[in-house]
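Quick note: the coordinates plus some simple rules give every number you see, no bench work behind them. Nothing here was measured: the structure is a model prediction, and the numbers come from that model. Note that each Cβ is placed from the backbone with ideal geometry, even for glycine, and that neighbours are counted across all protein chains shown.
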Amino acid sequence: MNAGKQSFRQTPPSPNGQSVRRKLAVVALLVLICALYLGHVRAYDFVSDDTFITLRYAENLAEGHGLVFNHNDRVEGFSSPLWTIVLSAAHGVGLDLLPTSRTLGTVIGLAVLVLLYLLVSAVSDHEVHPLIAAIAPLVLASNGSFACWAASGMETMLYTALLVASFLATFSGRLRLAALSTMALILARPESAIAVAVLGLFLLLQRREYGWKRIALWGIACCGTAVALFASRYLYYGQWLPNTFYAKTGGGLEAIGRGLIYLRHYAADHEGLVLMSLPLIYASVAGNAKQRCLALAATGLWLFTVVVGGDGLPMYRFAVAPLALLVVLQAHLVAGLYRGRPSDRPCAVGCCTRRASWWSFFSRRFMPRSRPWERTTPTTNTKRKSRSLDGPK
């Protein structure tokens, strides 16, 4: 009898039981991160004035007046055709546009956090511990800019979610899903062309793994979407590029100077240039092809922001999308430190970047400071009730 009890006690736990407990722990961890994010969004409770421009276009489209701000005046004053169409559909079924846009943005932000958790594992050559994978969504959830723009009513969360989903689907080898998400990404923001070009380059370099036929179909789908977008824009508005492009470009060196100031202010208010640059350097030197792809895309998006002169709106809207890619690389730096040694030949670079990033990660601040130029930017009081987009009578 005693021998039987001793044998029962020494029976190892079931692998299925361990797997279930691990999955439950991951779900609980993500729930806590999402709760942190929702609290952070509530603390900002921000709506941008530019939101009402998109809402006006969506309202006119739903009411049969076309994609215009004023009736019979065809000017493309919005940046995201996809977001405008989604809100137009919401207005068509009777939903109030302002709370709908804010709720959708907040919910999509939750999806971004989950996608980031999955992306950390997708870009790794090793099995990633759940706590390490949770670093990426945790850092993003605690970022003030991400929380601020989540409920702003603008397309920032939709664009970020499609950006992360496109990389995740591509790295996972699901090119049909990658094609769909990338097609939607093209319709979400003009600068998505940078990420699409990086993904195309990655697929070409990994052609043996993915196959020429699948890559060709992906390319045809993306190019077809881009051609349809430009053609429809030209036929409807008489211009190949959106009006917002002409408003943001053409500043030359002066615009680049403003963009560099924008980058410096963001770095000072958030993780600093150390945590921004070292993950990019490490991924470029010691990372695998997927990590280098993320580093190239994040760098390209920031270069675009610098060239166009930053953004006139507060709280660093243009930093949100590259940040979503950057936090994945930050998580892999911590994973390298967790393993205790660099995983590639440049040992000196690996050790330095990992330890510097480890220090910078714990010295980061959750709430960015307000800059003088931000305080001069008008913002909308979100405590007021939703009103008609026609404005006060």
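Summed over all non-identical Cα pairs, the Kirkwood treatment of the stretch 40-108 gives a radius of 12.4 Å. Evaluating kT/(6 pi eta Rh) at 20 °C and 1.002 mPa s, with the Kirkwood radius of the stretch 48-365 over Cα pairs in the Stokes-Einstein relation, gives 105 µm² s⁻¹. I'd like the distance separating the alpha-carbon centroids of the stretch 175-212 and the stretch 20-56, in whole Å. Cα centroid to Cα centroid, the span is 27 Å. Compute the Cα gyration tensor for the stretch 119-209, then decide on rounded, prolate or oblate, letting a ≥ b ≥ c be the square roots of its eigenvalues: rounded whenever a/c is under 1.5, prolate when a/b is larger than b/c in the other cases, and oblate in all that remain. Here the stretch 119-209 falls in the oblate category.
Report the Rg/Rh value for the stretch 240-324, based on alpha-carbon coordinates and the Kirkwood definition of Rh. Rg/Rh for the stretch 240-324 comes to 1.01.
Neighbours of residue 29 by Cβ distance under 13 Å: Lys/Arg scored +1, Asp/Glu scored -1, total +3.
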